[in-house]
Amino acid sequence: MQFEDLKIIEPVLRALKRQKYTKPTSIQEKAIPLILERKDVLGSAQTGTGKTAAFAIPILQHLYLDRQQNNSPRKVNALVITPTRELAIQIADSFTAYGKFTGIKNTVVFGGVNQNAQTTALGKGVDVLVATPGRLLDLIEQGFIRLNDVEYFVLDEADRMLDMGFIHDIRKIIAQLPAKRQSLFFSATMPKNIVELSKKILINPVKVEVSPVSSTAETIQQYLYYTNRTNKKDLLLHILKDHNIDQMLLFSRTKHGADRIVHTLKRKKIKSAAIHGDKAQNSRQQALAQFKAREIRVLAATDIAARGIDIDKLKYVINYDIPNTAETYVHRIGRSGRAGEDGIAISICEPEENGYVKAIEKLINQRIERVSDNPFPQTDKPMNEAEKKEWDKEKQRRKQEFFANRKQKAGSARAHRHSH
Ligand code: AMP
């Protein structure tokens, strides 16, 4: 199937050609005709499936045709809510790219940065607003945004939105939307609470499903190293000796862990950066830009931060730890091998995580290939209950020590500044 077969208007087709998109992806093939027919859609799709274009293209088309009928001053006619700033920026960039020849204007608002540039952009008039929930409500309260004219509403990454505790914000936003509208709801997973939420938003929705969460992309080769906790860093450095690995997205369960890994890699002169919620927005943007430009080799990310990253043709993903929910594993490795490319997902498993591997293999219904050429094989056994308790205490102690050190360092730096 071609984009032409989907009854897409010429200005959008031209922009897609410019993007070098030759064929619609599966979700695009399924969702675009439904959205053009003004149906509400419940889409089950992950990032990497082309879902942004699946909703952006038909919305742009609606807005373009609406504006041909009635060229009144621009109002927010389409609203897209998404959980992270990175995703918000990427979605807005997609609207800009696909809408290049339509004259439809968009802007993006998200928290963590000064709002002035955002309110200035809003003041100029936009048709499409892409937003994270908190900042959107903030700007509504201050009177910079009204949702009275929203005709097209998209809730993106609903499951992640709930994971991040945005449920109250979402309810408040929905309450302000006009009843007469078209709504599109996307989520990678469809647990009960998500289905319940979707019922509050959608009217007679059509379900569209691509690559359900239990089916990992066939193009992704998955490998597993069993090792000891204390050898994880060495094993990572061993894996990175392979110079074919020119660009790797590394997942760490914790922000602190991501920072520590970057510290280790930098000491070994491996260019790397961490991106997670404690980093300032511009440092996250910078790390991402450097990674995309291949100025850094390893980008260490937490699950939430990584969720919003869009990097074309990412070949290597590494799980520095095994996620304790199997769905997270599927999300993580879904970051490689996107849009028909080959991908390689490597996982490093310490004894405590052995059980998680079993859960993952059950979910994906597939055995992950064990790497036998491993200089740091697993020799330790998982801890028993008493050892676990002891280890938890030890971790607590180390954490306290870390923060005490940091406080002390900050204190002495202050003293140093005052003495000058
Ligand atoms: P998404 O799932 O929206 O995050 O999109 C994943 C990636 O696929 C993005 O980098 C898009 O630019 C790209 N993409 C989307 N649609 C197509 C298409 N029809 N052909 C090729 N690449 C696409």
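The values are calculated or read from the model by the stated rules, or taken from the named source; none is laboratory data. Keep in mind that what you see is a predicted model, and the values were worked out from it rather than measured. Positions of Cβ are backbone-derived with ideal geometry, glycine not excepted, and every protein chain shown enters the neighbour counts.
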| request: Those residues that are buried (at least 22 other Cβ atoms within 10 Å of the Cβ) and within 22 Å of Leu16 (Cβ to Cβ), I need them from segment 64-83; list them, please. | output: Ala78, Val80, Thr82
| task | Can you tell me which residue within segment 94-131, out of those that are free of Cβ contacts under 8 Å to residues at least 40 places away in the same chain and charged (D, E, K, R), is farthest from Asp66 (Cα to Cα)? | result | Lys124
| message | Quick check on segment 247-254. Is at least one of its residues assigned to a loop (DSSP other than H, G, I, E, B), among the small types (Gly, Ala, Ser) and in contact with a Gly (Cβ under 9 Å, 6 or more places away or on another chain)? | response | no
| Do we find that Ala97 is modelled with pLDDT of 95 or more, within 13 Å of the ligand (Cβ to nearest atom) and in the same structural domain as Glu37 (by TED's automatic domain parsing) in this structure? | yes
| task | Return yes when Arg335 is under 26 Å from Lys241 (Cα atoms), crowded, with 20+ Cβ neighbours inside 10 Å and not small (Gly, Ala, Ser) and no when it is not. | result | yes
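What number of residues in segment 139-159 are buried (at least 18 other Cβ atoms within 10 Å of the Cβ) and either in a helix (DSSP H, G or I) or of a type outside the set (Phe, Trp, Tyr) (or both)? Give the steps one after another, and end with the answer.
Initially, segment 139-159 is screened for residues buried (at least 18 other Cβ atoms within 10 Å of the Cβ), giving 139, 145, 147, 150-159.
Filter once more, so that each one left must be either in a helix (DSSP H, G or I) or of a type outside the set (Phe, Trp, Tyr) (or both): 139, 145, 147, 150-151, 154-159.
Counting residues in segment 139-159 that are buried (at least 18 other Cβ atoms within 10 Å of the Cβ) and either in a helix (DSSP H, G or I) or of a type outside the set (Phe, Trp, Tyr) (or both) gives 11.
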| request: Taking only segment 348-406 into account, find how many residues are touching a Phe, Trp or Tyr at 6+ places or on another chain (Cβ under 6 Å) and exposed (fewer than 12 other Cβ atoms within 10 Å of the Cβ). | output: 1
| task | Please give the number of the condition Ser72 fails out of (1) at pLDDT below 95; (2) within 11 Å of the ligand (Cβ to nearest atom). | result | (2)
| task | Those residues that are of a type in the set (Ser, Thr, Tyr), away from the ligand (no atom under 16 Å from the Cβ) and assigned to a loop (DSSP other than H, G, I, E, B), I need them from segment 325-365; list them, please. | result | Thr325
| Checklist (1) in a loop (DSSP other than H, G, I, E, B); (2) of a type outside the set (Phe, Trp, Tyr); (3) modelled with pLDDT of 95 or more; (4) closer than 30 Å to Ala258 by Cα applied to Leu136, failing item | (1)
| Scope segment 12-30; condition within 12 Å of the ligand (Cβ to nearest atom) and either polar (S, T, N, Q) or within 18 Å of Val206 (Cβ to Cβ) (or both); matching residues | Gln19, Thr22, Pro24, Thr25, Ser26, Ile27, Gln28, Glu29
| said: Residues that are surrounded by 16 or more Cβ atoms within 10 Å (Cβ to Cβ), touching a strand residue (DSSP E or B) at 6+ places or on another chain (Cβ under 7 Å) and among the β-branched types (Val, Ile, Thr): does segment 84-91 have at least one? | reply: yes
